[in-house]
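Undergrad: Dropping a structure here in structure tokens format, bear with me for questions.
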Amino acid sequence: LKLFFFFMLLGIIIPNEASAQNVLDGIYIREHAPSKRVIPYTPLREADVMYLKRIWRIIDLREKINHPLYFPTEKIMDRQSMTQLIYDAVMTGSSITPYGTLDDEFTMTLTVAEVEATTSKVDTEFIEDEYGDVQPVVIKEPFWPGAIKRYRIKEEWVFDNQKSVLEARIIGMCPVSEKYDENGEYKGEMPLFWIYFPEAREAFANVPVYNRHNDAERRTLEDIIWKRMFSSYIFKQTNVYDRKIQDYKTGLDLLLESKAIENEIFNYEQDLWEY
């Protein structure tokens, strides 16, 4: 009799556990993003490069059009921010290699410990113990992806004479954090590390991004970057002095100079054709 009740109880428990494991948060299995592959760049020969311009941009994630790259600030089930993806890939050493910020030429790789020392904050607080003595306590504040609000982008615009196309290819990306003093006053920016974008494309291709118009048509981070679905502005171009725009322009003139460089690139392509 005891065995009978035991097997009855076992028969009731096992189906419940199995049904709980088969719960699907949705009405179909999403397979597009996890299995998506990167579209390779078209081969480019030096002999076909008719025009080349290297520029550096700033992507401000606080702009509304860039919000799909910034949110969610905390990782959720089916989405994560671009910063979260980059940081996790760098810390695990799986698919993205971090490079130092002394230059943007990817000459010095960083270790996981060096990246962690740059991104995390360590502070000391003095706490009174049960005996009334004040003891120093080291508090380590982990990295929060929401603190990164700007990215530096290094890219090249090239006119391929073979295809008669002017296109942009991103070379590197650099998350930038804000520095504050003990009184909370803003003290400028601090670049954390550079990543080589062609290496990061594989990781970008498998992370879906929110689409405010249709939840069924989820683009990936790679799609957003590939299709240039973000807002940015130029802060430097190749020049004989190797200086940024802010070194010789201020105020409104700085913004106008940035727009002038963009118009120069745009007009170069338009002036090649007759209408």
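Undergrad: With the condition kept exactly as written, say whether any residue in the range 151-159 is outside any loop (DSSP other than H, G, I, E, B) and farther than 25 Å from TRP194 by Cβ.
TA: Checked the range 151-159: at least one residue is outside any loop (DSSP other than H, G, I, E, B) and farther than 25 Å from TRP194 by Cβ.
Undergrad: While we're looking at this one, here's another question. Of all residues being free of Cβ contacts under 8 Å to residues at least 40 places away in the same chain and assigned to a loop (DSSP other than H, G, I, E, B) in the range 110-133, which is surrounded by the most Cβ atoms within 10 Å (Cβ to Cβ)? Just the residue, please.
TA: SER120
Undergrad: Is it the case, given these coordinates, that ILE171 is assigned to a strand (DSSP E or B) and either open to solvent by less than 50 Å² (accessible area, probe 1.4 Å) or out of contact with any His (no Cβ under 7 Å at 6 or more places or on another chain) (or both)?
TA: Yes.
Undergrad: Output the residues belonging to the range 149-168 that are basic (Lys, Arg) and loosely packed, with under 15 Cβ neighbours inside 10 Å.
TA: Once the filter is applied, which keeps residues that are basic (Lys, Arg) and loosely packed, with under 15 Cβ neighbours inside 10 Å, the range 149-168 yields only LYS163.
Undergrad: Go through (1) closer than 30 Å to MET77 by Cα; (2) among the small types (Gly, Ala, Ser); (3) open to solvent by less than 30 Å² (accessible area, probe 1.4 Å) for ALA216 and report which single condition fails.
TA: All conditions pass for ALA216, except number (3).
Undergrad: Now a separate question. Applying the selection to the range 235-275, what residues are among the hydroxyl-bearing types (Ser, Thr, Tyr) and within 13 Å of TRP56 (Cα to Cα)?
TA: THR238, SER258
Undergrad: Here is a follow-up. Within the range 97-109, is there a residue that is acidic (Asp, Glu), open to solvent by 30 Å² or more (accessible area, probe 1.4 Å) and in a helix (DSSP H, G or I)?
TA: Looking for residues that are acidic (Asp, Glu), open to solvent by 30 Å² or more (accessible area, probe 1.4 Å) and in a helix (DSSP H, G or I), one finds none in the range 97-109, hence no.
The values are calculated or read from the model by the stated rules, or taken from the named source; none is laboratory data. Everything numeric in this text was worked out from a predicted model, so none of it was measured. Heads up, the Cβs are rebuilt from the backbone with ideal geometry, glycines too, and the neighbour counts pull from every protein chain shown. Remember, those area values only see protein heavy atoms, side chains included, never the ligands or the DNA or RNA. Shrake-Rupley method; radii C 1.70, N 1.55, O 1.52, S 1.80 Å.
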